[in-house]
Amino acid sequence: MKAILLRTHGGPENLHLEDVPTPTPQPGEVLVRIHAASVNPIDLKIRAGLPIGPQLPGILGCDFSGVIEQVGDGVESFHVGDEVYGCAGGVRGLGGTLAEFIACDPALLASKPRSLSHREAAALPLVAITAWQLNDRPGVKAGENVLVYGATGGVGHIAVQIAKARKARVSAVVSNEEKAALAQSLGADETILYTEETPEAYIQRLTEGRGFDVVIDTVGGANLDKAFQSASTGGRVAASAARSTHDLSPLHAKALSLHVIFMLLPMLTGEGRAEHGRILKEVAALCDAGQLRPILDDARFDLAHVAEAHALLQAGGVTGKVVVDVIRS
């Protein structure tokens, strides 16, 4: 099969299209013919040397959408010909999705949303599972004030829609008017331009100074301190980028709870993988009910141009997810 192989850590130029053996599904695995795969920021970090990646030479890529080609012994959850999507590769011990086929654990998969193309479905798994957990772990409920930082990013634009599906009142923090309009189109009740308004100002304007019941932070770094500041007394903060050092005294002063999401953990440890499949089933139902949709960048790439897809995402400024068409549709 054709696949993108990384032989040495470094820049996008280290990604090369090569012929490699098609994997054979082991007992308990399925072989999927990949139609589309997406590129995530974690892929860039793994390519550069983050030590959770596959042994080199290896195939990168976490997300995909495709069709079951073969079923290994003992698999009863899926059958040949089923359309599926999932985040099932690209990390230590697992094959990657920037390839024509992947052999993977079916617990990490769900039936593809019927209302979405393979290209659209491939954009969802990693960000949708993360966004679901960012809402689920702090227990977002109907009527609560929820603040989302990075609200039009890959994770953030899904987190906004899931919070709205839970009937929360959602305030979206973005950088400009164009992104504010996008956030509103996704269901955000209020928008905040962080370039023009301080946390003190929007806390007062939108919550009468009380703070937000739940704060979802997809940005990390110094922004996580803003998340602590923006939460109400007894509030909950959920973060997907917490590899940084912080003063925890604001959490103590307001009795906050902090929920850190690292969605790749079940893929790395093998524990809790069925939860990913369950979440993706729920996400598919939201898509088919018209309550959730992925935003895709307009740029189109095939396997031969994956290095360009990596370079585009690395340069910043993309709108939505970057998707690679393995089978052009």
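The values are calculated or read from the model by the stated rules, or taken from the named source; none is laboratory data. Remember, it's a predicted structure, so these values are computed and weren't measured experimentally. All Cβ positions, glycine included, derive from the backbone under ideal geometry; neighbour counts span all protein chains shown.
Here are the numbers for this structure:
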item	result
Residue in segment 54-77 that is of a type in the set (Gly, Ala, Ser) and more than 24 Å from GLU275 (Cβ to Cβ) present	yes
Selected residue (only one of GLY187, GLY139, GLY143, GLY150 is touching a residue at least 12 places away in the same chain (Cβ under 8 Å) and closer than 30 Å to GLY89 by Cβ)	GLY150
Counted residues, segment 199-227 - those being assigned to a helix (DSSP H, G or I) and surrounded by fewer than 24 Cβ atoms within 10 Å (Cβ to Cβ)	13
Count - residues of segment 86-123 that are under 11 Å from VAL32 (Cβ atoms) and polar (S, T, N, Q)	1
Output for segment 239-264, where each listed residue is in contact with a strand residue (DSSP E or B) (Cβ under 7 Å, 6 or more places away or on another chain), under 15 Å from PHE212 (Cβ atoms) and not small (Gly, Ala, Ser)	LEU251, LYS254, LEU256, LEU258, HIS259
Answer from ALA284, ALA289, ALA309, ALA274 - the residue that is closer than 29 Å to ALA107 by Cα, exposed (fewer than 14 other Cβ atoms within 10 Å of the Cβ) and touching a helix residue (DSSP H, G or I) at 6+ places or on another chain (Cβ under 9 Å)	ALA289
Hits in segment 149-181 - residues which are hydrophobic (A, V, I, L, M, F, W, C) and part of a strand (DSSP E or B)	VAL170, ALA172, VAL173, VAL174
Condition check for ILE59: farther than 18 Å from ASP297 by Cβ and not polar (S, T, N, Q)	yes
Residue list for segment 205-239, restricted to those being small (Gly, Ala, Ser) and at pLDDT 95 or above	GLY209, GLY211, ALA227, SER230, ALA231, SER232, GLY234, GLY235, ALA238, ALA239
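One line per residue, one yes/no per condition, for (1) basic (Lys, Arg); (2) part of a loop (DSSP other than H, G, I, E, B); (3) touching a Leu at 6+ places or on another chain (Cβ under 6 Å):
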| position | (1), (2), (3) |
| --- | --- |
| GLY93 | no, yes, no |
| GLY96 | no, yes, yes |
| ARG114 | yes, yes, no |
| THR130 | no, no, no |
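Yes/no matrix, rows are residues, columns are (1) at pLDDT 95 or above; (2) buried (at least 17 other Cβ atoms within 10 Å of the Cβ); (3) basic (Lys, Arg):
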residue	(1), (2), (3)
ALA3	yes, yes, no
HIS16	yes, no, no
LEU31	yes, yes, no
ILE46	yes, yes, no
LEU50	no, no, no
CYS62	yes, yes, no
GLN70	yes, yes, no
LEU98	yes, yes, no
LEU108	yes, yes, no
